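In what follows, a single structure is set out as structure tokens and then discussed.
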Amino acid sequence: MDDVFLGVILSISSTTIILKTFDELDVKTLKFAGISIDSLIVQDIVAILMMVLLSTIALSQQFLGSELLLSVFKLLFFLTIWFVCGIFFIPTLLKKAKNMLTDEMLLIISLPLCLMMVVLAANIGFSPVVGAFIMGFIIAETAPAEHIAHLVRPVKDLFGAVFFVSVGMLINPETLY
């Protein structure tokens, strides 16, 4: 069982770090980057299913198909919400409010939308990162996506710094000896 968990852990890459690297190298618009990002999305979705399956097996020492089916149903429900919001609700909302959208309003609208999807993902039982990632895709498909990305960049950099500092603080220096 330990080997299976180690294999799953090693197979999951950090989508956020790869996207940040592509952004810093300014290669996000190249074809290979798009293919890489697409495969990372599929990998994240499969990783959710693997984590549910492995946690079920680890707790019960047997394969429970009902837990896996419930997880797949939750994932399909979440993706349906993603599709409906991304195609209908959010672009329509931004088009209707186009005249009132100042820089501050765009920031005030986009960040809470992201946080709402994070809360929804966490309540369904998925990683909050998946919710933020999905809302990022939804917002990226709207008309003012470039402008929103410019406005959110300082907030993104702040959270990135907090993330790396918090991960660094988890390292126990005594274990390095």
* Dipole moment magnitude, nearest 20 debye, the chain about Cα centre, only Lys, Arg, Asp, Glu C-beta charged -> 580 debye
* Label selected from (i) 9, 35, 34, 11, 6, 3, 1; (ii) 8, 29, 35, 20, 7, 1, 0; (iii) 10, 36, 36, 15, 3, 0, the criterion being P(r) over Cα pairs in 10 Å bins from 0, in percent as computed here -> (ii)
* Using only Cα atoms, tell me the angle between helix 15-25 and the longest principal axis of the chain; keep it within 0 to 90° and round to the nearest 10. => 50 degrees
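Since every read-out is calculated from the coordinates, none of them should be taken as a lab result. On a predicted model such as this, the values are computed, not experimentally measured, just so you know. With ideal geometry, Cβ positions are generated from the backbone for all residues, glycine too; neighbour counts draw on all protein chains shown.
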